[in-house]
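Structure, as structure tokens:
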Amino acid sequence: MGLAGGLPGCPCHAPGSPRVLFLSSQGASFVRKRLCLAVAALAVQSTAWTNVVPDLVTQLDKPSSVLALLDVLVSLPQEADSSRVHVDHRARRNFRDELDKFACNVIILMINKLPTVGANTTLMGQLVEVVTVWVRHCRISPADVIRTNIIPTAFQALSVDALFETATPLVVELLERYTHPQRDKEVMFALIGQLMPLVPKYQAAKRDGDCDVEREYVRMFAAMGYSYVDLILGSVRRLLLAMVGGSTENRV
Amino acid sequence: MASVLSGPVTLPLVRNAVAAAYAQASAGEGSNPKRKMAEEWLRSFQRRPEAWSIAHQLLEDKNATPHELFTAAGTLHTKVSRDFRELNADAIAVLRSTLMKHVVRLAQVGHTTPH
């Protein structure tokens, strides 16, 4: 395959130089990602292809093809929601239902792979990205969010410098999707419990002038404040009622 | 090269268009009219039925450049997204198996190269 030759038109990419190896890998990655989008677009429309997710996992979950597995898993939910894929409403809905059905399995598969990739933070970042995309596009019940350990995994990734920017969108996604004070209470309190202890890290980033890290923390805290308005107002309301009730009792 | 496709589309014509589109890009001439013409030609090519087979030929070609491979992959994505209905059941099965074969092969390129 012609990926070993680097990019044309640039004399610095002579064959055999390390730069060419890098570009070779990167070039393969670009082409592979586009082909995985094609596979996903085909899966959305092909009614004859049943059990798409287990089928792809069976075919690609091998050390030699794990990169393809991750690319195709990122692509499936995106293409299911893409208006560029010309598919009728019913077929699209059926495919989305299929993805919802396997969402927990995919997330557990990704989370279980994290400890097995050693120090390869690129691969870890790709695993986290798959989880983020499936949380963003699929319906996962609050109980399943807790059961699959997405939240501790997201914050564990957040504690690794090389994964910080990859993990932030996952935390933000969780903060923005699970916002009902009753139905999503367990998820919300788990997120609050993990995020609030990070305030000193935000303050340290601000103090040290680390703008990139500071911005990511601001994203998360802002998402929490914005998404949890009902929860916060509910608490304030209960507090006010308690105060009013208390003062009324005092007067009585 | 004509900006709008009228005659038959062949593999050498597609290669020329890819080279023109990326040569101008490499030279940093983003708004160059030749590049725009090449890109427009490639967009027209992607609407043609022959694009299926030419994209496959490029992906099978061991001497294809990275830009040709990227264009071929993008063409297949566009065709599957937009023109899936052009395919019968047999063609869909072949396409699926061919795409998987390419995806696995490209995963091995990334896998064997140090990060």
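Remarks
- For the range B:76-88, filtered to residues that are more than 7 Å from chain A (Cβ to nearest Cβ) and assigned to a helix (DSSP H, G or I), the residue that is surrounded by the most Cβ atoms within 10 Å (Cβ to Cβ) is B:K79.
- Residues in the range A:79-92 that are buried (at least 17 other Cβ atoms within 10 Å of the Cβ) and assigned to a helix (DSSP H, G or I) were compared, and the one that is farthest from the chain's Cα centre (by Cα) is A:R92.
- Selection from the range A:44-53 of residues that are surrounded by fewer than 24 Cβ atoms within 10 Å (Cβ to Cβ) and more than 8 Å from chain B (Cβ to nearest Cβ): A:T47, A:T50, A:N51, A:V52, A:V53
- Among residues of the range B:83-103 that are modelled with pLDDT of 95 or more, none has a beta-carbon under 6 Å from a residue that is exposed (fewer than 12 other Cβ atoms within 10 Å of the Cβ) and acidic (D, E) at least six positions away or on a different chain.
- Lone qualifier among A:F95, A:F102 - being assigned to a helix (DSSP H, G or I), touching a residue at least 24 places away in the same chain (Cβ under 8 Å), under 22 Å from A:I146 (Cα atoms) and assigned by TED's automatic domain parsing to the domain that holds A:V39: A:F102
- Any hit, the range A:57-65, residues being surrounded by fewer than 23 Cβ atoms within 10 Å (Cβ to Cβ), within 14 Å of another protein chain (Cβ to nearest Cβ) and closer than 23 Å to A:A157 by Cα: yes
- The single residue among B:A73, B:A91, B:A107 that is surrounded by fewer than 18 Cβ atoms within 10 Å (Cβ to Cβ) and of a type in the set (G, A, S) turns out to be B:A91.
- The helices (runs of 4 or more DSSP H) located wholly in the range A:108-171 that include 1 or more residues which are surrounded by 15 or more Cβ atoms within 10 Å (Cβ to Cβ), small (G, A, S) and in contact with a helix residue (DSSP H, G or I) (Cβ under 8 Å, 6 or more places away or on another chain) occupy A:121-137, A:150-158.
The values are calculated or read from the model by the stated rules, or taken from the named source; none is laboratory data. Note that this is a predicted model, so its numbers are computed, not measured. Every residue, glycine among them, receives a Cβ derived from its backbone with ideal geometry; neighbour counts consider all protein chains shown.
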